[in-house]
Amino acid sequence: MGGMTQRTQLAGFLRSRREALSPQTVGLEPGARRRTPGLRREEVAQLSGVSITWYTWLEQGRDITVSRQVLESLARTLRLTQAERRHLFVLAGAALPTESPRPVTVSPTLRALVDTLDPNPAHVINSCWDLIAYNRAYEGLVGGLDNLPTEERNSIWLLFTRPAMRTLLVDWQREAREILGQFRASAAQHPDDPRTNAVIQALLSASPAFTAMWSQHPVQAFAPAMKQFSHPGAGRVDLNYIKLAVAEDVQQHLVVFLPATPEDARGLRRLADERDHAST
């Protein structure tokens with residue numbers, strides 16, 4: 001989105017939310033000669049702690065810098081929902097705001113989809129890459145997830161603290177750098193998220209490999225690719241993987257691994273048979 005278009009969108013968004021608010025909603029008297037719908041610009045400016053001139057410029061789409069603190073104040077004044085607040089920050093070109101902590105839940109339909117994808121490994125991650133849902137195939141591929149404490153069911157934590165991951169992934173060094181680059185790009189969008197920061201600090205203390213690679217500031221966008229695994233039960237398995245956004249919760253992504261060849265599909269089937277045999 002171009003700069004001018006984005007500023008125009010921001011101006012229109014602020015104006016629409018200002019006009020949708022009644023004075024009574026924010027504790028103001030309606031007044032007898034009010035000509036504009038909703039709040040006046042000067043009222044929004046006063047309630048948000050900014051000058052009327054500055055706020056007018058903002059609604060005129062002028063090229064001015066807006067701090068996160070001012071955006072937070074405007075969001076409170078305009079009674080924005082969490083989705084609207086996020087949209088405000090995006091239009092203003094600011095880092096995404098810290099959102100109120102919510103219970104980490106996966107919808108029953110999404111969980112059913114993950115289970116249905118078996119024997120293809122699949123899992124759901126949140127913005128800090130916690131594994132918040134996974135199917136039996138993914139548990140069988142990675143191994144031991146069910147027995148881990150919840151805080152350790154994190155893709156980045158497993159990658160850097162679990163020795164078995166270095167042999168499971170055929171090219172661990174390349175995979176680790178690519179995944180860490182994606183994680184860093186994601187973490188930058190939520191600089192004040194306590195869980196993300198906790199994961200980073202824990203890894204800085206627990207993993208010299210993470211510390212060394214993190215200091216190099218790898219950044220990478222996600223792209224569908226093939227991961228190569230060397231599994232003790234299934235043998236060599238090459239899997240194409242894709243990450244899909246969950247529309248009902250922008251913090252969640254569904255990751256699915258699909259066999260690259262018929263032989264890889266047979267490898268996944270061997271893994272499923274081994275798992276089923278062990279459970280009987």
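A short reminder: the numbers here are calculations on the coordinates, not readings from a lab. Being a predicted model, the structure only gives us computed values, none of them experimental. Glycine also receives a Cβ, built like all others from the backbone with ideal geometry; neighbour counts cover every protein chain displayed.
Shown is the FRET efficiency for I52 and A185, computed with R0 = 45 Å from the Cβ-Cβ distance and rounded to the nearest 0.05: 0.75. Measuring r between the beta carbons of E151 and T211 and using R0 = 22 Å, the FRET efficiency lands at 0.70.
Among F229, F183, a tally of other beta-carbon atoms within 10 Å of each Cβ gives an order, fewest to most, of F229, F183.
Altogether, the Stokes-Einstein calculation at 4 °C and 1.567 mPa s, with the Kirkwood radius of the range 3-92 over Cα pairs as Rh, returns a diffusion coefficient of 98 µm²/s. Only helical runs count toward this figure. For the chain, summing -39,500 (n - 2.57) over DSSP H runs of n ≥ 4 and dividing by all residues gives -15000 deg cm²/dmol at 222 nm. Residue separation of R76 and T105 scaled by 0.36 nm, minus their Cα-Cα distance, works out to 7.8 nm of gained length. Residue ranges 106-116, 186-196, 211-221 sort as 186-196, 106-116, 211-221 when ordered by packing (mean number of other C-beta atoms within 10 Å per residue, highest first). Here each label is just a point 7 Å from Cα along the line to Cβ, and for S230 and S67 those points are 5.4 nm apart.
Once you sort the root eigenvalues of the Cα gyration tensor of the range 159-211 as a ≥ b ≥ c, which label holds: rounded (a/c under 1.5), prolate (a/b larger than b/c) or oblate (the other case)? Taking the square roots of the gyration eigenvalues as a ≥ b ≥ c, the range 159-211 is oblate.
Helix 68-77 and the longest principal axis of the C-alpha atoms of the chain enclose an angle of approximately 70°. Judged by the gyration tensor of its Cα atoms, with axes a ≥ b ≥ c, the range 226-280 is oblate; a/c meets the 1.5 cut and b/c is at least as large as a/b. Each principal axis of the range 108-279 carries a Cα extent, and these read 44, 35, 30 Å when sorted largest first. To the nearest ten degrees, helix 194-206 and the longest principal axis of the Cα atoms of the chain are 40 degrees apart.
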